[in-house]
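*Asks:* Supplied in structure tokens, the structure appears directly below.
Please treat every number below as a calculation from the coordinates, not as lab data. Here the structure is a predicted model, which is why all the values come from computation and not from measurement. For neighbour counting, all protein chains shown are included, and Cβ atoms are generated from backbone atoms with ideal geometry for every residue, glycine included.
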Amino acid sequence: MSLVWHQFRYDQKVFWRNPASVFFTVAFPVILLLIFATVFGDQTVDVRGGIETTTYYVPAIITLAVISATMQSLAMSLVIAREDGRLKRGRGTPMPSWVFIAGRIGNSIVVALLMLALIAAIGRLLYGVDIPWGRLPAIVLTLVVGAAAFCCLGIALTAAIPSQDAAAPIVNALLLPLYFLSGVFIPDDQLPSGVIHFADAFPIRHFFEAFFDAYVPGNGAAVSWDNLAVVAIWGAVGLLLAARFFRWTPRGG
Amino acid sequence: MSEPVISIRGLRKSYGEVEAVRGIDLEVRRGEVFAFLGPNGAGKTTTVEILEGYRKRSGGEVAVLGEDPERAGREWRARIGIVLQSCRLDPYLTVRESIALYAGYYSTPRPVEETIAHVGLESKADARVGSLSGGQRRRVDVGMALVGDPDLLFLDEPTTGFDPSARRQAWETIAGLRELGKTILLTTHYMDEAQRLADRVAVIAKGEIVASGTPESLGDRESRPARIAYREGGREVSLETTTPVRTLNELTAEALAEGRELEGLEVTRPSLEDVYLELTEQR
């Protein structure tokens with residue numbers, strides 16, 4: 001366990017010193033929230049009997065930030081480390097492989113929780129979106145299950161990425177359309193039901209629904225167990241694929 | 001004599017139809033610096049990565065520190081240090097952090113500061129790896145391999161692509177490792193590197209060892225004919241002889257008697273490079 005802590009500390013240093021990871025994982029969701037709130041801020045969204053757009057976008061952008069801190073950030077950084085030969089080099093030491101992966105997952109989940117705090121605070125301070133303190137256990141549970149599942153998916157995805165140059169295009173080609181189709185960028189009430197049905201086949205929509213239910217008080221339970229179960233199953237499939245196809249050695253050269 | 005640190009018998013490795021390693025026998029003894037010398041594609045890295053436990057062999061017997069690398073566990077890994085042929089270190093960590101990160105992987109590491117000093121990077125300890133030159137990064141890499149205090153170090157082409165001054169510094173670092181009593185297996189395609197650093201050299205070409213011995217005796221260099229060259233009346237004269245003292249005496253006696261000079265007189269033995277090129281090209 002102290003080994004995991006050791007690895008985690010260095011993963012944190014590397015994460016915060018890398019301008020690309022800080023921009024795409026931390027700054028980019030904040031910028032998106034500011035843009036969406038500015039452009040659509042005075043409208044309402046026709047869910048839960050009508051809520052303010054900013055109330056909709058705060059959990060939506062937290063959803064995006066969690067996926068970005070986990071699936072996107074892990075897939076990119078692991079492919080870079082693999083192709084640089086760092087994963088292979090680490091395998092030549094007595095450190096067990098799982099420690100390396102555990103450190104990275106820990107790093108992703110901590111950044112995801114930080115993004116929850118950051119986006120929630122900005123939502124509260126700038127747009128008066130209530131932070132539902134009473135639902136904090138449900139929020140954290142939903143976030144951690146989602147973060148863990150998207151970590152597994154990110155690790156599995158590295159097997160499909162042949163080079164460092166291919167990492168960003170492949171990850172974005174998968175995630176960006178699904179953000180649009182799942183209601184993260186465009187509110188639910190503007191999307192045709194066919195689109196939502198399509199998005200239901202993928203984990204982003206389910207994670208968004210679960211997180212939205214936890215964050216925005218409504219009639220239902222704070223923990224959306226059925227959506228969370230779908231996310232967890234995706235995560236488990238990701239874990240199996242990762243265990244089978246993850247590579248430690250560079251693909252090129 | 002103590003048991004060999006590395007012992008290889010009849011090692012073979014094929015990739016599909018291609019035989020990259022075709023029956024290598026080798027022993028490396030404790031405290032020895034052993035160089036694996038050969039052109040690119042000769043099978044050096046394949047062999048070294050089999051010894052490091054990264055690749056599975058197709059045939060033969062291999063023991064490294066008394067264990068089969070394919071089955072060896074974490075205790076064995078703690079006793080070896082690896083510098084890969086190509087590895088980009090994390091550019092966002094400092095020299096000290098990079099070495100401390102690896103120190104944490106071992107139960108009894110060497111002190112980090114001492115290791116930094118050993119690879120000659122005291123003045124760069126707080127510099128990010130991304131800001132270092134290629135030669136300095138390589139020395140960080142050696143420091144990361146050394147910090148676990150291994151008995152055996154693998155250095156795969158430690159100076160490829162370096163400018164002459166960076167190579168010289170890397171050589172000093174590697175020569176310093178010998179003083180720590182480490183056994184070192186290094187691969188190189190530079191003749192002078194093997195000559196400078198190694199106690200023994202094996203020349204490998206097309207997956208086979210074509211010669212081995214001390215750098216001086218390699219390829220029977222000592223018993224090969226010497227070449228005597230001079231100019232006579234504007235004409236280059238060159239002759240090979242296995243008895244250079246006698247031949248030279250006859251030549252000079254004759255010249256002396258006739259009162260002429262042997263212009264540009266030169267006696268050379270085949271350089272290690274000549275032997276190397278001959279050994280690796282005739283295949």
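*Asks:* Any aspartates and glutamates with Cα under 12 Å of the residue B:13 Cα? List them, leaving off those in the same chain fewer than 8 positions away.
*Replies:* Straight-line reach from residue B:13, under 12 Å: B:49, B:61, B:208.
*Asks:* Right, here's the next one. Using the Karplus curve 6.51 cos²θ - 1.76 cosθ + 1.60 with θ = phi - 60°, work out ³J(HN,Hα) for each residue of the range A:165-172 in order, rounded to whole Hz, and write x for Gly and Pro.
*Replies:* Listing the rounded values in order: 5, 7, 4, 4, x, 5, 4, 5 Hz.
*Asks:* Angle check, please: helix A:53-67 long axis (alpha carbons) against the longest principal axis of chain A (alpha carbons), in degrees 0 to 90, nearest 10.
*Replies:* The two axes meet at around 10 degrees.
*Asks:* Filter the trypsin sites (Lys or Arg not before Pro) in the range B:1-38 to those in DSSP coil with at most 16 other Cβ atoms within 10 Å of their Cβ, and list the result. Each step should come with its number before you reach the end.
*Replies:* Working: sites: B:9, B:12, B:13, B:22, B:29, B:30; in loops: B:29, B:30.
In loop regions of the range B:1-38 (DSSP not H, G, I, E or B), the sparsely surrounded trypsin sites (Lys or Arg not before Pro) are B:29, B:30.
*Asks:* Then there is this: Sequence neighbours fewer than 8 away in the same chain don't count; with that in mind, list the lysines whose C-alpha is under 24 Å from residue B:124.
*Replies:* By straight Cα distance, residue B:124 reaches A:13.
*Asks:* Tell me, what ³J(HN,Hα) does each residue in the range B:26-34 have, in order and in whole Hz, if you take phi through Karplus 6.51 cos²θ - 1.76 cosθ + 1.60 with θ = phi - 60° and put x for Gly and Pro?
*Replies:* 3J(HN,Hα) across the range B:26-34, in whole Hz: 6, 9, 10, 9, 4, x, 8, 9, 10.
*Asks:* Would you tell me the mean number of C-beta atoms belonging to other protein chains that fall within 10 Å of each C-beta in A:95-108, as a whole number?
*Replies:* For peptide A:95-108, the averaged partner shielding equals 1.
*Asks:* Within 10 Å of each Cβ of A:11-17, how many other protein chain Cβ atoms are there on average? Mind showing how you got there, number by number?
*Replies:* Working: counts 2, 0, 6, 6, 1, 1, 7.
The mean count of partner-chain Cβ atoms within 10 Å per residue comes to 3.
*Asks:* Okay, moving on. Take every DSSP beta bridge with both residues inside chain B and express the antiparallel ones as a percent of the total, to the nearest 5.
*Replies:* Beta bridges within chain B, antiparallel portion: roughly 65 percent.
*Asks:* Here's a follow-up. Place the peptides B:156-165, B:89-98 in order of packing, highest mean first, counting for every residue the other Cβ atoms within 10 Å and averaging per peptide. List each step's numbers first, then the result.
*Replies:* On the way: B:156-165: 16.7, B:89-98: 21.1.
Packing order, densest peptide first, comes out as B:89-98, B:156-165.
*Asks:* Expressed in nm to one decimal, what extension gain is obtained for the pair residue B:117 and residue B:250 from 0.36 nm per residue of sequence separation less their Cα-Cα distance?
*Replies:* Answer, rounded to one decimal: 42.3 nm.
*Asks:* I've got another one for you. Around residue A:96, what is the net charge, scoring Lys/Arg as +1 and Asp/Glu as -1 over all other residues with Cβ under 12 Å from its Cβ?
*Replies:* On the way: positive: A:91, B:74, B:77; negative: none.
That sum, taken over residues with Cβ under 12 Å, equals +3.
*Asks:* Residue A:230: net charge of surrounding residues, Cβ under 15 Å, Lys/Arg +1, Asp/Glu -1, itself excluded?
*Replies:* -3
*Asks:* Can you give me the long-range amide H partners of residue B:60? Hydrogens built in the peptide plane at 1.01 Å from N, cutoff under 5 Å, separation of 5 or more residues or another chain.
*Replies:* So residue B:60 has HN proximity to B:12.
*Asks:* Report, to the nearest 10°, how far helix A:28-40 tilts away from the longest principal axis of the Cα atoms in chain A, using its own Cα long axis and a range of 0 to 90°.
*Replies:* 20
*Asks:* Can I ask one more? Report, in deg cm²/dmol and to the nearest 500, the calculated mean residue ellipticity at 222 nm for the protein assembly as shown, where each DSSP H run with n ≥ 4 adds -39500 (n - 2.57) and the sum is divided by the residue count.
*Replies:* Working: 21 runs with 266 residues, N = 536.
When only DSSP H runs of four or more count, the value is -15500 deg cm²/dmol.
*Asks:* I would also like to ask the following. Among all the lysines, which ones have a C-alpha under 17 Å from residue A:88's C-alpha, if same-chain residues fewer than 8 places away are not counted?
*Replies:* B:56
*Asks:* Please give me the summed charge of the neighbours of residue B:133: other residues whose Cβ is under 11 Å from its Cβ, Lys and Arg +1, Asp and Glu -1.
*Replies:* Here the count lands on +3.
*Asks:* Build a GNM of chain A with springs between Cα atoms under 10 Å: which of A:55, A:93, A:63 gets the top mean-square fluctuation?
*Replies:* A:93
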